[in-house]
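Remarks on the structure that follows.
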Amino acid sequence: MISPNGLFSFRIIKGIHNSAKYISIIKEVVIPISSLNIGEHFIYQQDNAPIHTSLETRNFLHSANIGTLKWPTYSPDLNNIENFWSILSNLVYKDGYPKNIKDLKSKLIIAANEMNYSNRLDVINLYASIRKLFCKVIWKRGENLSY
């Protein structure tokens, strides 16, 4: 999860990621962190992955009074997470590929700390760029933003 204030939080999920696990992450991570940093009333941005749009997830979000931002299908140009993954990936792999799961977890923790302290402004700038991206999409009448 990334927040407009630049903070990043993650959980490592074992096994198949399904709607039930996703909802538990929303309960345990998204709601507490968002309430603390943004306030009780926030709009949650997620993409159109099946676990995000399942009836179970939609019912939970509705019952928890969590509004979501509506996204068009296949809209990576509008999703900050794609740029965020690139920054995070560079941090994780800057000293080489992990040798095993334990090494990967360690590298993720180090990268997360670096994101939250040294690279926080990069994430804030990603959020600041959303309005500009929306304007580009409108200007290009919904066409791909690739140049």
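The values are calculated or read from the model by the stated rules, or taken from the named source; none is laboratory data. Keep in mind that this is a model prediction, so the values were computed, not measured. Note that each Cβ is placed from the backbone with ideal geometry, even for glycine, and that neighbours are counted across all protein chains shown. Calculation scope for accessible area: heavy atoms of the full protein, side chains included, ligands and nucleic acids excluded. Shrake-Rupley method; radii C 1.70, N 1.55, O 1.52, S 1.80 Å.
Couple of notes before you dig in:
- Anisotropy class of region 1-95 from Cα gyration tensor, a/c 1.5 cut: rounded
- In the chain, excluding the sites themselves, the longest stretch lacking any of the trypsin sites (Lys or Arg not before Pro) that are in a DSSP loop with at most 13 other Cβ atoms within 10 Å is 15-69.
- Surface accessible to a 1.4 Å probe, per residue, for the residues of the chain, Å²: 68
- Set of lysines near K102 by C-alpha distance (under 18 Å), chain-local residues within fewer than 8 positions excluded: K14, K94
- Among the chymotrypsin sites (Phe, Trp or Tyr not before Pro) in region 1-84, those placed in a DSSP loop whose Cβ has at most 11 other Cβ atoms within 10 Å are Y74.
- Accessible-area composition of the chain, carbon plus sulfur, in percent [1.4 Å probe]: 58
- Calculated FRET efficiency for the pair N90/N48, C-beta based, R₀ 30 Å, to 0.05: 0.70
- Restricting the GluC sites (Glu not before Pro) of region 1-94 to loop positions (DSSP other than H, G, I, E, B) with no more than 12 neighbouring Cβ atoms within 10 Å leaves E40.
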